[in-house]
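Let me begin by presenting the structure, written as structure tokens, before commenting on it.
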Amino acid sequence: MENNLLYICAVFALAGFVKGVTGMGLPTVAMALLGLVMPPLQAAALLVVPSLFTNVWQMLARRGLYEVWLRLRPMLLGVCGGTLVGGALFAQADGKGLLGIALVLYALLGLSTWRWQVRPGQESWLGPIVGAATGLLTGATGVFVIPAVPYLQALGLDKEELVQAMGLSFTVSTLALAVTLTTHGAWEPAAAGMSFAAQLPALAGLLLGERLRLLLKPALFRRCFFVTLFALGAHLSFSAA
């Protein structure tokens, strides 16, 4: 892992920058690029601290967190249960192929014009299903955006509520992933130390991305982001075949 130190720092700086611009994407970018040089389980261990730190930052950026927690609680409980099950099912698998497929699906959703709408009466039963599915993918790949992010976007939240909701969802997913990794022995001292070190370039990238957010064209940036994810996901899928 030490041989890839500069690469790891560059990956987290870039991932933090993407999160600063778009409000999401740190774990997705990090897992996609780290997955090129190491197994997903090892990459996920590096992800824990930078993801937790930046998502708590995002989650606490505005008031109203308790109300968001109450609304999303069914989904978040599903995330916790699904992550533990996913980690148990896929702990011994390489996971690169599944990670690649998850990235491709996420990229296709991001590039499409399809929009999902969830009615208030559906949240009580749909939230746990979405959370469990997200948790299964989190435990298997370390990526926790599918289907959680499309679901949150479908709730009709305003922009700031959505950013806070994603921060809360990603924080819970990161904690559940950390528990799963610890259970399966992947959270070792070397990985933990590297994960703590990786939060520095991630934070630097986050702050830079937040400063440049107003200067960039969000639509163009997001399109380039999803095209790149699609290419990385396709590469991981074919290399694992």
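Values in this text are rule-based calculations from the coordinates and carry no lab data. Computed from a predicted structure; not experimentally measured. Neighbour counts run over all protein chains shown; Cβ positions are idealised from the backbone, glycine included.
Side notes on the structure shown:
- Within the chain, longest stretch clear of exposed trypsin sites (Lys or Arg not before Pro) (DSSP loop, no more than 12 other Cβ within 10 Å): 116-241
- Relative contact order (%) - criterion: Cα under 8 Å, at least six apart; region: segment 1-59: 27 percent
- Point-to-point label distance, K217-Y66, nm (Cα→Cβ direction, 7 Å offset): 4.4 nm
- For segment 77-147: rounded, prolate or oblate by the Cα gyration tensor [a/c cutoff 1.5]: oblate
- Taking θ as phi - 60° and the Karplus parameters 6.51, -1.76 and 1.60, the scalar couplings of segment 29-43 work out to 5, 4, 5, 5, 7, 5, x, 6, 10, 7, x, x, 5, 5, 5 Hz in sequence order, x denoting glycine and proline.
- Computed Kirkwood radius, in angstrom, where 1/r is averaged over Cα pairs of segment 61-194: 15.4 Å
- Eligible lysines near K217 by straight Cα distance, threshold 18 Å, same-chain separation 8 or greater: K19, K159
- Size descriptors for the chain (Cα atoms only): Rg and Dmax, in that order, 16.5, 52 Å.
- For the chain, the longest site-free run once chymotrypsin sites (Phe, Trp or Tyr not before Pro) in DSSP loop states with at most 14 other Cβ atoms within 10 Å are removed: 117-241
- In the chain, Cα pairs under 8 Å separated by at least six residues give a relative contact order of 39 percent.
- 3J(HN,Hα) along segment 224-238, derived from phi through the Karplus expression 6.51 cos²θ - 1.76 cosθ + 1.60 where θ = phi - 60°, amounts to 5, 4, 6, 4, 5, 4, 4, 5, 5, x, 5, 4, 5, 5, 6 Hz, with x in place of Gly and Pro.
- Helical runs (DSSP H, four residues minimum) scored at -39500 (n - 2.57) apiece and divided by the length of the chain put the mean residue ellipticity at 222 nm at -26500 deg cm²/dmol.
- With semi-axes defined as the square roots of five times the eigenvalues of the C-alpha gyration tensor, the equivalent ellipsoid of segment 1-131 measures 27, 19, 16 Å, largest first.
- Along principal axes, Cα extents of segment 28-94, largest first, whole Å: 40, 24, 15
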